[in-house]
1. In segment A:134-156, which residues are surrounded by fewer than 24 Cβ atoms within 10 Å (Cβ to Cβ), over 17 Å from A:Ser96 (Cα atoms) and either more than 7 Å from chain C (Cβ to nearest Cβ) or among the hydrophobic types (A, V, I, L, M, F, W, C) (or both)?
2. Open to solvent by less than 50 Å² (accessible area, probe 1.4 Å) and at pLDDT below 50 - does that describe any residue in segment B:22-38?
3. Among the residues in segment B:47-56, are any closer than 24 Å to C:Asn848 by Cβ and more than 14 Å from chain A (Cβ to nearest Cβ)?
4. Would you please name the residue that is most open to solvent (accessible area, probe 1.4 Å), looking only at residues in segment A:3-40 that are in contact (Cβ under 8 Å) with a residue 60 or more places away in the chain and within 13 Å of chain C (Cβ to nearest Cβ)?
5. Of the residues that sit in segment C:59-104 and are part of a helix (DSSP H, G or I) and among the hydrophobic types (A, V, I, L, M, F, W, C), which one is surrounded by the most Cβ atoms within 10 Å (Cβ to Cβ)?
6. Count, please, the residues in segment A:32-78 that happen to be acidic (Asp, Glu) and assigned to a loop (DSSP other than H, G, I, E, B).
7. Can you pull out the residues in segment C:749-769 that are open to solvent by 30 Å² or more (accessible area, probe 1.4 Å), in contact with a strand residue (DSSP E or B) (Cβ under 8 Å, 6 or more places away or on another chain) and either in contact (Cβ under 8 Å) with a residue 40 or more places away in the chain or of a type outside the set (Gly, Ala, Ser) (or both)?
8. Can you work out which of the residues in segment B:89-129 that are part of a loop (DSSP other than H, G, I, E, B) and among the aliphatic types (A, V, I, L, M) is farthest from the other protein chains (Cβ to nearest Cβ)?
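The values are calculated or read from the model by the stated rules, or taken from the named source; none is laboratory data. Please read all numbers here as calculations on a predicted model, not as lab measurements. Quick reminder, even Gly has a Cβ in these numbers, built from the backbone with ideal geometry, and neighbours come from all protein chains shown. When the accessible area is computed, the model is the full protein with side chains, heavy atoms only, and any ligands, DNA or RNA have been set aside. Shrake-Rupley method; radii C 1.70, N 1.55, O 1.52, S 1.80 Å.
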Amino acid sequence: MTKLAVRINGHDHGPMDVRDDLTMNDFLREYLGFTGTKFGCGAAQCLSCAVIIDQADGTSHTSPTCVVPAVNFDGKAIRTVEGHARDGALSPLQTSFVEHFAFQCGYCTPGFLNEGQVLLERLERSKVARADLERVITEALDGHLCRCTGYVKYHQAVRAVILADPTRYLDPADATGDAG
Amino acid sequence: MKPIPGIALVAAAVIATNALAFAATGLAVSSAAPGDLADPASFAAIADPQQRSAAYFTELGKVLTNPRCVNCHPAGNRPRQGDEGRPHQPPVFRGADGFGLESMRCSTCHQGANFEPGRIPGHPAWHLAPASMAWEGKSLHEICVQIKDPARNGGRSLDDLIEHIGEDTLVGWAWAPGYGRTPAPGTQKKAGALVTAWAQSGAACP
Amino acid sequence: MRPSRRDFIKLTAASGIALTVAPLMAAEQPPFLARETLPGRGVRRPPLGRVDGVAKVTGAKLYASDFRAADLPGWPADTAHALLVRTPHADRLYEGLDIDRLASIAKPAVVLTSAGIAAAGIHAPPFYAGNLFSPVGQTPAYLGEPVALLVFEHFDDFDRARLALRDGDFLRFGDKTGPLQKPNYGAFRFTRIAGPTPDSPDVYSPLQEGWISPGFTDDSGRPIWRPLPVPEGGQYVTGAQHGEAVRALLAGSDPDLLVLERDFETQSVDPMFLEPEAGLSWFDPASGRLSLVLGVQSPLEAAEAIAFLLSKADVQHRPAAIDTNFAYVGGGFGGRDHTPFPLYVALAAMFFPGKAVRLAHDRFQQFQGGIKRHPFKMTTRIGVDRASGLMAAFAADHELDGGGLANYSPSVAVVGATGALGIYDVPKVDVTTVARHSRGVTAGSMRGYGALQTMTALEVLVDELAAALPMDPIELRRRNALKTGGRTMTGNPYSVSVRTPEILDKLEQHPIWRQRAAEKEAARPGFLVGTGVACATKDFGTGADCALGTVAIDPEGRVSIHADAVEMGNGIGTALANRVAMHVGRVADEVTVAQVDVFDALALVTSGDPYSITQAAQDEAARDPRWVPEISSATSASIGAHVGTQASAEAARVIFRFGLWPAALDLWGIAPSDPRSKQWAEAFWQDEHLLMSGLSPLPLPKIAARAHAMGGVTGAMTHAFSRWAWSQASFAIDGNEWTADIDALALRRGSGPFERLERTAVAFPPTDYNRIGTAFTSLCGTLVRIEIERATGALRIAKAYSVLECGPMLAPEVVLGQAHGGFAMGVGYALLETLPPYEDGPGNGQWNLGRYVVARGSDLPLHDFDVEVLPPISPKEAPKGMAEVVMIPVVPALLNAISDATGHRFQSLPVTADMLKGVLA
């Protein structure tokens, strides 16, 4: 058993004793009841379990939770699907997912949402050329499996948020891309 | 450890293929049991030093061509996985530093150590060997020439190779790869002894 | 004769257990139904999107796997966890579970095995005929058969045990016996001999003569298809003699007839819905109530199956009431329609009384125990007149592997066989099919349902025929396409629009097709380019489909809908809301789906099997004004749009006609004597206002308030049934006779209770419609352009186009999404996914994603995939199902493209990069 304290969507949880072989996914779902983070494969193949880890340097990345010990999250700050909306108002990416009918059954949605959000935040820090955008989106989302949709609308939904605010996400030298 | 039926079959096939390939070189093949590595001393009967040195490397080749090693010394930019050496899922790529693309770093999933609940291997420095060190699809001779070439081996001397194969803990993972992955043959110590014997005997190539 | 798509255990008759809704106690947690009511009043949401959109992007508790006891008011505080242990062997004696060794790691509170089931008097429902658990001392019937259900009071113990069982040998086995041999699940023969002209009656057809099945098997258990000259085979002999004549024609030496015969094999695959099966249960001994949270495509079936399971149990294990709560489903694709999983959820609670227990598969377990797609072995023969290109005769033999536990195998065999002719009209047809038992993991329903397999073999062969004639592949398809009014293999015409010529024209005109030669020429060095086309038609519905729906409008004009259809991503909630909105002017802000126990006001009763009931029995039963042929059916077979929304749509129409319209007339000051008062069909809605030529638009809230004030109809509850035609009934409402495609109706006036209306007349579809293979079909054609790297065999889909028709689209974005998803699943089936049969396959418990590869975004032409949906042929056309057909042509189109690129015809699936590399070497 190891002590675990973690900050989730701005709230501190723990410290509490957890097994060393407890996955972060089970910690979230079984210990804390945060079932917005899904369990799909338990093998880092579908990434429906991915959460956002916020680093001290202001950068963020996603991490699967199903293959990572909960104790490895000790001292970390994470965001989950439950933490994107503010006071009932959806984030731009959440809104875009809904408006684009990006998902069907929705079980993979938390993973895509977190990955897409991390991509948006990364592009804000480090813009890309319009010509590279589709490739960058595919690289970001490709780890995530969806069995219902064929992915088209997820990609459209992420791209739409970026193209709606090109100066924020795209290299100004080449931000004149199509309306996609 | 409980063998996985499908994987065990494939692994057997890989070993058989390698054995054939080595037999074709006309060199003495070690008498080590499957899954083990011969001791350098067991090659003493080979009189010709050049041939004996090459025989050390042939024996070491059992390790180098093992899926535990080849999977992360791939021909392209995408590592392989499992005893079958299937393309890595999810698709991940080498990236600028060999530690993955910015959107998916190796360490995102591969933590500091194997984590058996997720059957996922781990090491603090989990990453791909540089493209110049690709072994996938190469003959043992080609690997041998390549591994000695500082231009392609990361600027390593023979002593560095002894250290890398015999001591490096990421290489050492190959002998403790976790559930469902057949370990590299022998032990890291035995592999270290072979590479040492090979280096000290002129590093001849098969 | 006809195999059912579901079993017919009638709850009240079979078990005497009451299905009730528990009165939910006040607690800080919202009740289950409140969580599942979407989008929910007062929820801020974007103007566009699915009704479940906001809930799904915010991580709301929605799926069965999300719920723990603490989330449900009135349930115990803690959740125990159950583990279903399955056998990785089915060729040796099972000798038990090493429970002592396991207990040293984690000690289960409950160990339930075959012996415990027998002692408690528990019986598997007939649909799942077989053992619930492998008995000790016997050879398990199939790989992945459950051997024990373990329950752990604490999650950590459960988790330790799960890992230990996954990675270690805790099951003891004895002598090898070889796998058990069991009879086939079913065998059928479909033979049709058309008359001399299209107008003349058929010489022989299943519709005329009834369906036939060979009565004899040889020593190996295979059916004997020859017409054996024995009295018992009389009916079979006639059909088989016609069938043999078709075969003789194809085997003959007519030089004018080009005959090709090809074998084709398809593989086993997993539906791979992303949410593994999960459920939660609690048996409260004090009240005798068994409560469950489940996520299935067939809610009523699950409830009935559980009731049957426990109906003859001893007093300790027999609940007085069962309260089922059905959740949103994380993907289905057929694999959650009639799965035995809910039975084990119920058992977990019954053997751990007083505690809430969760049973949830991990992915290894889902691969090991979940329903699979049937692998097929097929031989197909087609004879084409060389001069005209017309198909003269068709014969096929199918063998499918149903795995080890009875499920939908006979039905999949039938749908595969009757679909084997695809879009074509052939005058002489003979198809045999047999569904075999094996020791494999159970195969059942999955998107495409046999037709995917047989139409893939067909469309690949048709492509080869075109090359052999030679004739343009689209022209060959056009010449042989079944036209509107033409007869299908079973002898009946489709009763819906048939738009094959339009679809073929669209394919032919598309740039992917027109530029195929130039693109092939322009292939990059080291690459081969190919183009493939295929067209498919797929039935929707099962011949006994029904819907329950309640629509209500409050005085503020807010609309709520309850339906029994299941939301598994298919967008049924959104389709319901949109279809209801056409009648009542507003998209509902309260939609609940998968409800089977909120329709008590209809007081429906049923009896018999809707697929096999006689006309006399149906006529007799119909004298009871509450009788319907079937109460609630699975959300499957692409039936959501056509049937799943029907009851709610008809309810909305009644509300409009007898609630909103009279209120509007009152507001407009139009007297009953005014001729305009009869013109309710001329009014329409825009932006929640009712418009009528020459009158001021009326806002919905005002109309609704007036309807409530007038005591008009503000709520309606209906039931609809389809056997390739609707049940129709008449009701007396406010002095009018109201006839509609429903067979039961209850109305709410003002804010009163729902009250059932007696039907004054009813017509159920005739029972001989059960000889129809299918009367409902929709079409999809697909083009793909591929590029194959010679050195590696890597295949890239450069461009794709699918064109389909489905009548009016209830939720156009959902239709597009289904087409995208069908394409992706087709790509996986054609190129990536495969499960080995038997010992190396998923039944060994060692399969997961990674080894099993499904399509990712990078496998698909995300930015070069056009989907075109033909507009409905008439404003009167009813919605048609399309969720399955969009997957089918993708597979043969890819194979045909591979053939075009490489010159090699693969006759099995999947075609992997290694296989391509092999033929290019």
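1. A:Arg135, A:Val136, A:Glu139
2. Yes, segment B:22-38 contains at least one residue that is open to solvent by less than 50 Å² (accessible area, probe 1.4 Å) and at pLDDT below 50.
3. Our first condition is that a residue be closer than 24 Å to C:Asn848 by Cβ; within segment B:47-56, this holds for none.
The answer is no, given that none of the residues of segment B:47-56 is closer than 24 Å to C:Asn848 by Cβ and more than 14 Å from chain A (Cβ to nearest Cβ).
4. Only one residue fits best here, namely A:Asn9.
5. As a first pass, look at segment C:59-104 and keep what is part of a helix (DSSP H, G or I): C:64-66, C:69-71, C:99-103.
Retained after the next criterion (residues that are among the hydrophobic types (A, V, I, L, M, F, W, C)): C:64, C:69-70, C:99, C:102-103.
Working: C:Ala64: 26, C:Ala69: 21, C:Ala70: 14, C:Ile99: 15, C:Leu102: 22, C:Ala103: 13.
Restricting to residues being part of a helix (DSSP H, G or I) and among the hydrophobic types (A, V, I, L, M, F, W, C), the top hit is C:Ala64.
6. Keep residues of segment A:32-78 that are acidic (Asp, Glu), which gives A:54, A:57, A:74.
Now drop any that are not assigned to a loop (DSSP other than H, G, I, E, B), which leaves A:57, A:74.
Of the residues in segment A:32-78, 2 are acidic (Asp, Glu) and assigned to a loop (DSSP other than H, G, I, E, B).
7. Matches in segment C:749-769: C:Arg749, C:Ser751, C:Phe754, C:Glu755, C:Arg756, C:Leu757, C:Glu758, C:Thr760, C:Val762.
8. Just the residues of segment B:89-129 that are part of a loop (DSSP other than H, G, I, E, B), to begin with: B:89-99, B:102-103, B:110-114, B:119, B:121-129.
Next, only the ones that are among the aliphatic types (A, V, I, L, M) stay: B:92, B:96, B:113, B:125, B:128-129.
Details: B:Val92: 8, B:Ala96: 13, B:Ala113: 9, B:Ala125: 16, B:Leu128: 16, B:Ala129: 20 Å.
Filtering first and then ranking leaves B:Ala129.
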